Structure formats: C-alpha cells, structure tokens
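Okay, so here's the structure we're looking at.
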Amino acid sequence: MQTLFTPEQLRDPAIASSNQILRTCVHCGMCTATCPTFQLLGDELDSPRGRIYLIKDMLETGRPATEEVVRHVDRCLSCLSCMTTCPSGVNYMHLVDHARAYIEDTYQRPFAERVLRRVLGAIIPRPWLFRLALMGAGVARPFKWLIPGQSMLAQRLRAMVSLAPATVPPASAVETPQVHPAIGLRKARVALLAGCAQQVLSPSINEATIRLLTRLGVEVVVAREAGCCGSLNHHMGQHDAAMARARANIEAWSQEAEGQGLDAIIVNASGCGTTIKDYGFMFREAPAALAAKAATVAELARDITEFLTGFGYAPQREAPGLTVAYHSACSLQHGQRVTTDPKTLLSRAGFRVVEPAEGHLCCGSAGTYNLLQPVIATQLRDRKLANIRRTRPDLIAAGNIGCLTQLGGEELPVVHTIELLDWMAGGPIPLSLAGPLAGRG
Ligand code: SF4
Ligand code: SF4
C-alpha cells in the first residue's frame with residue numbers, strides 16, 4: 001500500500017513504524033474472512049482492511065480522530081485473528097495500538113465514557129480496588145434490571161454487574177512478594193506474573209501454577225514491585241499508564257534476572273503474555289539500558305504451557321475420563337502463536353480434548369471489550385458457547401482469565417488449563433469441578 005507521510009511526520013518513531021506496517025498491506029482482503037466484527041456486522045469498515053484504511057487516513061492527514069474512526073477502531077477486539085490470516089505479515093497489533101493512543105490524544109469522548117474508561121483503567125489493575133469494586137457489583141447484581149433504558153451506558157452498566165461474580169474469593173497468600181522454593185532438587189528459577197484481575201477473580205490459578213512448578217523442581221519468585229502488565233491501559237490507548245506499569249515489571253524482573261538469575265518469566269494469563277512479549281517493541285525508543293532490559297524481559301516471557309512442554313510434565317493420577325473443550329484464547333493462538341502446547345499437555349494429563357468449530361473466533365472477552373462493547377461481545381459469546389456445546393464436553397478449559405469469565409456462569413464448568421494439569425499431577429480438584437464431579441477426584 002502506498003503511503004504519503006512527509007519526511008517530517010516520519011521523524012516520529014510511532015509514525016515511522018506505522019508507515020512500515022501500512023506499506024506491507026497489499027489490500028487483498030483475506031483478513032476479512034476471519035475477522036469476528038466483519039463476520040457479525042458485515043461492514044468493510046469493521047474489517048481489518050477497512051480499519052487499516054481509516055487509520056492510514058487519520059495518521060497521514062494528522063487530523064484529530066473523527067467519530068467514525070473511533071467507532072470502528074473501538075469495535076476492534078484486538079483479537080489479532082487478522083494477523084494469523086494475513087499472507088503479507090501485516091503487524092496489525094502495532095498499528096491498532098498506535099491508533100488507539102492517537103485517538104486518546106486527539107479525540108474528546110463523551111463525558112460519561114471518559115469517566116468510565118478512566119475508572120476501568122484505574123481500578124482493574126489494582127487488585128485491592130478491583131476486589132472492592134467486584135464486591136459492590138456483586139451486591140448490585142440482583143438489581144441489574146433496575147438499570148433503565150437501552151443506551152450504551154445502561155448496557156455497559158448491566159454488563160459490568162452481570163460479569164461480576166456472585167461471591168469474590170478471599171485473597172491468596174501465594175501472590176504476595178516472596179520466593180516459593182523448589183521441592184527437591186532445584187532445576188530452574190522463574191518469576192511468576194501474579195497479575196491483577198486474575199488474582200482477584202480466581203486466585204486458584206496462581207496457586208495451581210506455583211504448586212505444579214515447585215513440585216517439578218522450579219523455584220518461583222513473585223517479585224516485589226511487579227504487578228499489572230499494562231495491557232488493560234494499553235488497549236484503551238492509555239499510553240502513559242501502560243508504560244508506567246510495564247516499566248515497573250521490567251525493573252522488578254531485571255533485578256531478579258541480574259541477581260539470582262531467571263530461566264523464564266511465567267505468565268498464566270495469555271492476554272498479559274502477549275503484552276509482556278511485546279515489551280521490547282514498546283520500549284524500543286527508551287534509553288539504551290531500559291530498552292535492553294525490556295528486550296530481555298520480553299525474551300524471557302513464556303506462557304505456562306510453553307514452559308511446561310519443555311519441562312517434562314507428567315500426570316500422577318489415573319485419567320478421569322473427562323472430555324475437555326479447549327478454547328484457544330486469541331491472545332494465545334493469534335498473539336503468541338501458542339496453539340499445540342496446551343492441547344498436548346491436556347491430552348498427556350489424560351483428558352479427551354475436543355476443539356469447537358470456529359476456534360479462530362474471539363469469545364468477546366478481549367480485556368475490557370465485554371464491558372465497553374457489550375452487544376457485540378454477547379453475540380460472540382453466545383456463538384462461541386453454541387459451538388462448544390456441539391462438542392458435548394464435560395467442561396471448558398482456557399488459558400486466559402478474560403475468556404474464563406466470559407464463558408463461565410453457564411451449565412458447563414470453566415477451568416484454567418493449569419488447574420487441570422495441577423489436579424492430574426497431584427493437586428486438588430479445581431473448585432468449579434468439585435461440585436459437578438464429586439467423587440471423581
Ligand atoms: S490480509 Fe493482510 S495484506 Fe491482505 S488486506 Fe488484510 S492486512 Fe492487508
Ligand atoms: S484484531 Fe480482530 S476484530 Fe480487530 S480487525 Fe483484526 S480480526 Fe478484526
């Protein structure tokens with residue numbers, strides 16, 4: 001694709017990067033076939049190619065973002081399905097990340113929306129605040145029908161209240177900064193991203209991760225000052241907040257890597273993993289020392305299933321005879337290209353693994369998307385669950401807390417992959433299975 005940026009515009013590193021990306025697009029349109037929003041809405045401007053044209057025009061003219069551009073970019077899930085499909089290797093992720101930051105800088109959203117986005121960006125990354133907010137939402141849940149009207153704000157408020165769990169589990173002691181020693185001979189030393197939303201919604205995921213890793217001879221460090229990876233802010237275009245959170249992690253993990261050393265940085269929420277693996281790019285223009293640390297951290301980042309695949313996972317229990325519908329989170333399959341490891345590990349653990357049709361399509365979670373775009377998110381969720389039900393599984397497994405929350409609450413138990421692997425390696429039966437499968441664990 002031909003671009004018309006001036007030499008002066010190209011001195012901006014963000015524009016220079018987007019220019020390179022735009023030039024690789026040959027506008028063939030193959031990406032439209034696998035784009036969830038194009039599949040649902042049928043509008044070219046809600047396809048990757050359409051958005052690329054809108055972003056190109058916005059950046060080339062240097063004008064403030066228009067309502068039209070914002071509407072179509074906001075509807076993008078950042079699921080990155082288009083990147084898997086694109087034969088030209090267009091890095092849509094970096095392009096849309098740039099567009100979102102540009103929009104935040106140049107577009108004045110309606111007041112209620114500005115407040116909502118600020119509140120989400122401030123609360124979710126802070127576990128103690130998020131816990132309080134969820135407790136409040138849980139109390140409001142039975143009264144959600146009292147929220148009047150069909151305005152976007154009313155729909156968003158109802159979505160927030162609906163997605164809040166009925167009860168918020170107590171905080172886990174494993175997530176405070178500490179070292180969890182390896183059991184037996186220490187074979188590796190890793191840092192674990194304790195995260196933000198996940199540790200509040202489902203502390204059992206980090207517990208299972210630490211239990212399994214230490215049992216395999218891995219020392220697990222929860223580093224002081226490490227926290228939210230920054231992706232929630234990043235995907236809302238809140239550039240400074242995202243960079244500050246990412247930088248805190250980079251410094252915390254670099255200190256560990258330069259001290260006693262790290263073999264990997266383990267991430268068990270794939271949305272976070274995609275962002276951490278991109279830290280090198282995000283900090284490419286930073287002073288050399290910080291840029292080098294960011295690149296090293298990105299290099300060390302591993303999804304838990306990637307790490308376990310190379311670390312000799314073996315089950316200790318008899319196969320439970322359960323059929324698992326594996327839901328491949330977009331951030332894992334498209335963002336990190338981790339596709340076979342989780343399924344191979346689940347099979348090795350003794351589960352029968354089935355894959356629903358349209359596995360490439362997003363479930364509608366996508367960070368804060370299900371809160372900000374509840375109508376599209378619900379359509380995608382219903383479509384995903386219908387495909388899953390057709391496989392007649394006993395449960396759903398996924399490697400991302402956003403997907404687990406989005407797909408939960410129905411008749412099928414929803415469990416993180418690591419909880420199943422830990423269970424079969426001697427850990428406790430996952431909480432959401434304990435009731436339905438009483439007696440099997
Ligand atoms: S598939 Fe790739 S090259 Fe083709 S239009 Fe989409 S982004 Fe451009
Ligand atoms: S990231 Fe997903 S929703 Fe956005 S354009 Fe690409 S395929 Fe479509």
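Derivation of every value follows stated rules applied to the coordinates shown; laboratory data play no part. Just so you know, these numbers come straight off a predicted model, no measurement behind them. Because the Cβ atoms are built from the backbone with ideal geometry, glycine has one as well, and the counts that use them run over all protein chains shown.
Summary table
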{"read-out": "Placed amide H near residue 180: partners under 5 Å, 5+ positions off or other chain", "value": "220, 221, 222"}
{"read-out": "MRE, 222 nm, helices only [DSSP H, n ≥ 4, -39500 (n - 2.57), over the chain, to nearest 500]", "value": "-14500 deg cm²/dmol"}
{"read-out": "In sequence order, calculated HN-Hα J values of the stretch 307-323 (Karplus, 6.51, -1.76, 1.60; Hz; x Gly/Pro)", "value": "5, 5, 4, x, 10, x, 5, 9, x, 10, 10, 6, 4, x, x, 10, 9"}
{"read-out": "Cα centroid of the stretch 199-226 to Cα centroid of the stretch 5-19, whole Å", "value": "42 Å"}
{"read-out": "Percent RCO, i.e. relative contact order, over the stretch 7-106, from Cα pairs under 8 Å lying at least 6 residues apart", "value": "32 percent"}
{"read-out": "Average silhouette area of the chain, convex hull of alpha-carbon atoms, in square nanometres", "value": "20.7 nm²"}
{"read-out": "Cysteines in the chain that, by Cβ-Cβ distance, have no pairing candidate under 4.7 Å", "value": "25, 28, 35, 76, 86, 363, 403"}
{"read-out": "Note, ³J(HN,Hα) from phi for the stretch 245-258, Karplus 6.51, -1.76, 1.60, rounded to Hz, x at Gly and Pro", "value": "5, 4, 5, 4, 5, 4, 5, 5, 6, 5, 4, 5, 5, 7"}
{"read-out": "Ordering of 78-90, 208-220 by packing [mean C-beta count within 10 Å, highest first]", "value": "208-220, 78-90"}
{"read-out": "Centre separation in Å (Cα based) which lies between the stretch 256-294 and the stretch 67-143", "value": "22 Å"}
{"read-out": "Qualifying lysines (Cα of each under 26 Å from Cα of residue 343; at least 8 residues distant if same chain)", "value": "187, 277, 384"}
{"read-out": "Anisotropy class of the stretch 7-106 from Cα gyration tensor, a/c 1.5 cut", "value": "oblate"}
{"read-out": "DSSP beta bridges in the chain [antiparallel fraction, %, rounded to 5]", "value": "15 percent"}
